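Everything below concerns the one structure shown next.
The values are calculated or read from the model by the stated rules, or taken from the named source; none is laboratory data. Worth saying up front: this structure is predicted, and the values here are computed from it rather than measured. In this analysis, Cβ positions are derived from the backbone assuming ideal geometry, glycine residues included, and neighbour counts consider all displayed protein chains.
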Amino acid sequence: MLPWTTNNKQQQPQQQQQPIQKIDSSALLCLFTPASTNTIEQTDRQTHTHTHTKTRKMSELTRPTESIGELPPSGFNFDLTGRNDRLMEAWSNAREHAAVMRKHQKDTGAPPSSYTMPTDAGYPNHPPLAKTTGTTIAGIVFNGGVVLGADTRATNGEEVAEKNCKKIHYVADNMYCCGAGTAADTDQTTALVASQLELLKMDMHLPHSTSLRLKTAVTRISRLLFRYQGHISAALILGGVDKAEGAQLYAIHPHGSVMRFAYTAMGSGSLAAISVLESAWIPDMNEADAITLVQRAIQAGIFNDLGSGSNCDICVIRNDGNIDYQRPSLTPNNIDPLRAKITRSTRLDMKPGTTPVLDTKFEPHKKRATLADVTVTDMEE
């Protein structure tokens, strides 16, 4: 020990121990930088008249949370209360501005377009709601390949937009994909991956259709969906065969997660469809039983889910690479026999001449010039 240090301790009068000062949590972030060390030393020189620098132990700087205040929890926060509060505030502002607009219209008699909404008016009448879609898709693996099935109803909210929508999409010669979610997203996602696989097949000079592996398509689709964090509304069931692993069935969710199954179902009617599959599926089913089971599963979704309906499409992918696309495979909602049973009263038929004709006039269309009317002459050089 140095002599001057010993003398300093002997001459220093005994002082009462100072209480530990509370340190702001923001200061802890810069404790290990040179600037923060100089700041602490300068503060000590100002509070103490001694010439030496007061040193602090690390345990004094890192006190428990009761001495420095509550620190935010580490890691990702799944709590969406902050976002929900902002949405509800925007909704409240929108309702207030809508009331002002109605009062303005009532007092002045002006149309609603004459009232200018402020920029912070928020959503028009309600907070944003999740878009619900309707579909039933299913697939199973049997002893000779894969069977895929889907309904054919496309909805726009509570309206039926199309009764014969194609939901089993071509991906490659040895694999097909069922899509649930937004129709445009499923169409474009499968078309994009199909073009990429076709270029890959030509680049690698693959001789046979089953040489292209399903895991290649699964990887490309899952990476594409994960890149957009679920904003691409495409829930897919990919089924097919290859030389490496034979018949395979994958479920790909909109956020990019992938699971391999022997049988699965997705879409709004999946609860009804999966109950049928779980009750009747057995390993090493033959092709006929597999097709019948998928048809039953799709019909369960059609009759128990309002978002699913119309017909049932089936696609059979065999181990030898042959494809049997049945569109439609079943038409459980055929209304022609029902319409034939309806007897319509003849009193509603309008006989010719019921409505009197006051005047008739026929004016032929003006003749237009055609190529036959054009005379072509040779031009002199």
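Restricting the range 329-347 to residues that are exposed (fewer than 15 other Cβ atoms within 10 Å of the Cβ) and either in contact (Cβ under 8 Å) with a residue 40 or more places away in the chain or among the small types (G, A, S) (or both), the residue that is nearest to N164 (Cα to Cα) is A340.
In the set (1) surrounded by 16 or more Cβ atoms within 10 Å (Cβ to Cβ); (2) modelled with pLDDT under 95, P207 fails one condition alone, (1). Against the test of being at pLDDT below 95 and under 16 Å from V141 (Cβ atoms), the options A273, A244 yield a single qualifying residue, A244.
Apart from one condition, K167 fits all of (1) among the basic types (K, R); (2) farther than 22 Å from I317 by Cβ; (3) touching a helix residue (DSSP H, G or I) at 6+ places or on another chain (Cβ under 8 Å); the exception is (2). The residues listed here are T219, T190; of these, the one that is hydroxyl-bearing (S, T, Y), at pLDDT 95 or above and surrounded by 19 or more Cβ atoms within 10 Å (Cβ to Cβ) is T190. When residues of the range 282-296 are filtered for being closer than 16 Å to I137 by Cα and of a type outside the set (A, V, I, L, M), how many remain? Residues meeting the conditions: 3. Of all residues in the range 305-325, those satisfying the criterion of being outside any loop (DSSP other than H, G, I, E, B) and surrounded by fewer than 21 Cβ atoms within 10 Å (Cβ to Cβ) are R318, I323, D324, Y325. When the range 249-265 is examined, which residues are found to be assigned to a loop (DSSP other than H, G, I, E, B) and more than 11 Å from the chain's Cα centre (by Cα)? Correct list: S257, F261, A262. Output the residues belonging to the range 167-221 that are in contact (Cβ under 8 Å) with a residue 60 or more places away in the chain, out of contact with any His (no Cβ under 6 Å at 6 or more places or on another chain) and either hydroxyl-bearing (S, T, Y) or within 22 Å of S270 (Cβ to Cβ) (or both). Correct list: K167, I168, V171, M175, Y176, C178, A180, G181, S209, T210.
Taken together, the residues in the range 330-357 that are outside any loop (DSSP other than H, G, I, E, B) and under 18 Å from A154 (Cβ atoms) amount to 1.
When T264, T292 are checked against the criterion of being within 19 Å of P328 (Cβ to Cβ), modelled with pLDDT of 95 or more and of a type in the set (S, T, Y), a single residue qualifies: T292. Inspection of the range 266-275 identifies no residue that is in a loop (DSSP other than H, G, I, E, B), surrounded by fewer than 19 Cβ atoms within 10 Å (Cβ to Cβ) and of a type in the set (A, V, I, L, M).
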